[in-house]
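The structure under discussion appears below in the form of structure tokens.
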Amino acid sequence: MLDESPKRFDRIVAILIQLQSKKIVKAQELANRFEVSLRTIYRDIRTLEASGVPIYSEAGVGYALMDGYRLPPVMFTREEASSFIAAEKLMQKFTDTTLGNHYASAMYKLKSVLKSDDKDWVSTIESSVLMQSAEKLFNDKSPNTLTLLFESIAEKKQVILSYQAFTSDGITERNIEPVGIFHDHNNWYVIGYCHLRTDYRQFRTDRVHSIKKTEKDFTLEHDSLETYLNKNETIPTTKVRILIDKKIARYLSHERKYHGFISEKEIDGNIEMTFMSRDIESGFPRWFLMFGDYATILEPERLKTRTLELLEINRQRLL
């Protein structure tokens, strides 16, 4: 009788909604979402089919609804609707203008189906939530970079970037095939195959001065974004140990992950942190100097030397 419980009914309805959200949905994907066995998913799908929902399946591929079949508009609970408020605020601050406008348009449609009391409830929350971005994510000359990159990936069309690398004073034109986009350390990045360098490169959106879509198809079959991100793990690393004042250490919990943090332990009221750093010549020592008056470098010697070199350069500039 457990299969006839309200919990199962809710799951079956949710499965039907998910089938409408994608062209193909895999059984394992459904099992993972609802934390049930594949056997349970197979049984739920048969229940939907028995109720008249036109589902077709292909072994090893997944399930799909027949073209043209749709449920009536879905009603949101006030809790579900309120969750979109945070997403809307994030979209306004952390994406480009066009994507933000598209999401705002979608939010108007969402709010239009709410009951009057729920509209007031959501409106109260909306006026009390504010997102602030500390970084400038896009160049003023290219405010819709993210939107065009999304379109490029979906349509598999090359784009032309006018790009200024961090180490360059000039702007170069790059013909790229975007593989994927990710947000890291308060910045948006795109990884793509660069025809100028004939290799995969990473580009930061705030350094894109202009972007233009082309009608040129991708020339290569690219791997998933995760494949290229994981390649960074093969970059040689250096073991670093620092000893830091305990009252300061807790403020580094977010930043340290970007510098190869491995572990920490308490020693006589201080915290010893261990890292596997990919950059002890620039990135790590510059970060260390932000709190260096509360910390000691235990190893390696090269990191100590490089940190002193940076301090001397700074001292000379202040004279």
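The figures follow:
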{"read-out": "Qualifying residue in region 104-120 (condition: of a type in the set (Ser, Thr, Tyr) and more than 25 Å from Ile17 (Cα to Cα))", "value": "no"}
{"read-out": "Flag if Thr124 is modelled with pLDDT of 80 or more, open to solvent by less than 40 Å² (accessible area, probe 1.4 Å) and either touching a Leu at 6+ places or on another chain (Cβ under 6 Å) or not in a loop (DSSP other than H, G, I, E, B) (or both)", "value": "no"}
{"read-out": "Neighbours by Cβ (under 7 Å, 6+ apart or cross-chain): first from region 206-226, more than 23 Å from Phe94 (Cβ to Cβ); second open to solvent by 90 Å² or more (accessible area, probe 1.4 Å)", "value": "Asp217/Lys156; Phe218/Lys156"}
{"read-out": "Search result, residues across region 160-174 that are surrounded by 17 or more Cβ atoms within 10 Å (Cβ to Cβ) and either under 14 Å from the mean Cα position of the chain (by Cα) or assigned to a strand (DSSP E or B) (or both)", "value": "Leu161, Ser162, Tyr163, Arg174"}
{"read-out": "Breaking point among (1) among the charged types (D, E, K, R); (2) under 13 Å from the mean Cα position of the chain (by Cα); (3) more than 19 Å from Asn230 (Cα to Cα), for Asp184", "value": "(3)"}
{"read-out": "Checklist (1) in a helix (DSSP H, G or I); (2) open to solvent by less than 30 Å² (accessible area, probe 1.4 Å); (3) at pLDDT 80 or above applied to Ser142, failing item", "value": "(1)"}
{"read-out": "Tally of residues being under 12 Å from Ile280 (Cβ atoms) and among the polar types (S, T, N, Q) across region 300-315", "value": "2"}
{"read-out": "Long-range neighbours under 9 Å by Cβ, at least six apart or interchain, first residue at positive phi within region 67-80, second at pLDDT 65 or above", "value": "Gly68/Pro54"}
{"read-out": "One residue from Leu243, Leu220 being hydrophobic (A, V, I, L, M, F, W, C), open to solvent by 50 Å² or more (accessible area, probe 1.4 Å) and either out of contact with any Phe, Trp or Tyr (no Cβ under 7 Å at 6 or more places or on another chain) or in a loop (DSSP other than H, G, I, E, B) (or both)", "value": "Leu220"}
{"read-out": "Qualifying residue in region 246-262 (condition: under 18 Å from the mean Cα position of the chain (by Cα), closer than 16 Å to Arg278 by Cα and not charged (D, E, K, R))", "value": "yes"}
{"read-out": "Residues within region 127-139 that are over 27 Å from Ser83 (Cβ atoms) and loosely packed, with under 12 Cβ neighbours inside 10 Å, tallied", "value": "1"}
{"read-out": "Residue check, Ile85 of a type in the set (Val, Ile, Thr), surrounded by 11 or more Cβ atoms within 10 Å (Cβ to Cβ) and at pLDDT 85 or above", "value": "no"}
{"read-out": "Residue match in region 75-90 (condition: among the hydrophobic types (A, V, I, L, M, F, W, C) and more than 30 Å from Asn144 (Cβ to Cβ))", "value": "yes"}
{"read-out": "Where Leu48 falls short, out of the listed (1) more than 18 Å from Ala106 (Cα to Cα); (2) open to solvent by 50 Å² or more (accessible area, probe 1.4 Å)", "value": "(2)"}
{"read-out": "Matching residues, region 19-35, being more than 11 Å from Tyr63 (Cβ to Cβ) and crowded, with 16+ Cβ neighbours inside 10 Å", "value": "Ala31, Phe34"}
{"read-out": "Matching entry among Ile313, Ile267 (being β-branched (Val, Ile, Thr), on the phi < 0 side of the Ramachandran plot and open to solvent by 80 Å² or more (accessible area, probe 1.4 Å))", "value": "Ile313"}
{"read-out": "From the options Glu264, Glu281, Glu272, residue that is part of a loop (DSSP other than H, G, I, E, B) and at pLDDT 90 or above", "value": "Glu281"}
{"read-out": "Cβ-Cβ under 9 Å pairs, at least 6 apart or on other chains, region 290-303 side without any contact (Cβ under 8 Å) to a residue 60 or more places away in the chain and in a loop (DSSP other than H, G, I, E, B), far side of a type in the set (Phe, Trp, Tyr) and surrounded by fewer than 14 Cβ atoms within 10 Å (Cβ to Cβ)", "value": "Phe291/Tyr251"}
{"read-out": "Selection status of Phe203, out of contact with any His (no Cβ under 6 Å at 6 or more places or on another chain), over 22 Å from Pro143 (Cα atoms) and surrounded by 13 or more Cβ atoms within 10 Å (Cβ to Cβ)", "value": "no"}
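The values are calculated or read from the model by the stated rules, or taken from the named source; none is laboratory data. All figures in this text were calculated on a predicted structure; none of them were measured in a lab. All Cβ positions, glycine included, derive from the backbone under ideal geometry; neighbour counts span all protein chains shown. Ligands, DNA and RNA are stripped out before the accessible areas are found, and what is left, the full protein with its side chains, is counted by its heavy atoms. Shrake-Rupley method; radii C 1.70, N 1.55, O 1.52, S 1.80 Å.
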